[in-house]
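In what follows, a structure is listed as structure tokens, so that the remarks can point back to it.
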Ligand SMILES: C[S@@+](CC[C@H](N)C(=O)[O-])C[C@H]1O[C@@H](n2cnc3c(N)ncnc32)[C@H](O)[C@@H]1O
């Protein structure tokens with residue numbers, strides 16, 4: 001199955017251009033966490049391998065029934081699964097210029113069809129032996145200058161989708177965003193408001209019934 005993330009352009013954007021929201025969230029809950037590369041649906045680890053598993057903005061792109069089953073399998077009985085994500089930086093503290101720009105951005109570059117934000121509270125967790133312990137909404141305010149915001153906007157999957165489907169070229173996308181963002185950033189950097197959430201999960205208690 002091809003994915004919008006099978007893209008060299010998007011890989012570079014993710015390496016350099018995403019706003020550092022998740023690092024900030026991670027430092028509040030798991031300062032020594034590391035990262036590995038693999039597919040969520042088939043984790044290459046034995047059962048009960050990890051005290052802590054995190055998934056940042058990724059389960060909604062995976063086949064989440066398979067991914068949840070795998071996470072439950074490799075989590076230790078007392079382990080914690082942190083599922084966290086953030087929404088696009090579509091508004092700013094102060095005025096509605098960024099919000100209005102973002103609406104035009106979404107019209108110009110529609111989101112890929114079939115993609116849905118994932119609400120951990122609505123997942124069929126019990127079916128995979130998991131339970132939700134806590135759900136916390138997090139709001140991050142990030143000062144961003146025009147260049148940082150432009151780079152971030154170009155890293156969004158709606159732009160990638162337009163480029164991948166041939167609806168527009170990378171330069172055209174950059175030019176459109178750069179030109180239309182100018183009035184938003186005439187006063188200098190803007191404090192971008194980004195909402196997110198952290199869900200804390202664990203394995204469900206084993207039933208005594210055999
Ligand atoms: C919105 S990005 C989030 C990336 C990173 N966690 C971050 O927060 O910056 C979604 C990520 O999900 C990853 N992804 C997509 N499908 C996946 C799958 N089946 N298993 C594991 N990761 C997947 C993509 O490679 C991409 O890096």
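The values are calculated or read from the model by the stated rules, or taken from the named source; none is laboratory data. Quick caveat, the model's predicted, so the values are computed rather than measured. Here the Cβ positions follow ideal geometry from the backbone for every residue, glycine too, while neighbour counts run over all protein chains shown.
Scanning segment 111-147 for residues being surrounded by 14 or more Cβ atoms within 10 Å (Cβ to Cβ), in contact with a strand residue (DSSP E or B) (Cβ under 9 Å, 6 or more places away or on another chain) and closer than 21 Å to residue 13 by Cβ gives a total of 4. Only one entry of 72, 67 meets the criterion of being surrounded by 13 or more Cβ atoms within 10 Å (Cβ to Cβ) and either more than 10 Å from the ligand (Cβ to nearest atom) or part of a loop (DSSP other than H, G, I, E, B) (or both), and that entry is 72.
For segment 8-18, the set of residues classified as near the ligand (Cβ under 9 Å from one of its atoms) and either assigned to a helix (DSSP H, G or I) or touching a strand residue (DSSP E or B) at 6+ places or on another chain (Cβ under 7 Å) (or both) consists of 10, 11, 14, listed by residue number.
Scanning segment 4-30 for residues that are surrounded by 14 or more Cβ atoms within 10 Å (Cβ to Cβ) and either over 16 Å from residue 192 (Cβ atoms) or without any contact (Cβ under 8 Å) to a residue 24 or more places away in the chain (or both) yields 4, 7, 9, 10, 13, 26, 29.
Specify which of the listed residues (57, 38) is modelled with pLDDT under 85, near the ligand (Cβ under 10 Å from one of its atoms) and either surrounded by 10 or more Cβ atoms within 10 Å (Cβ to Cβ) or closer than 25 Å to residue 164 by Cα (or both). Every option except 38 fails the conditions.
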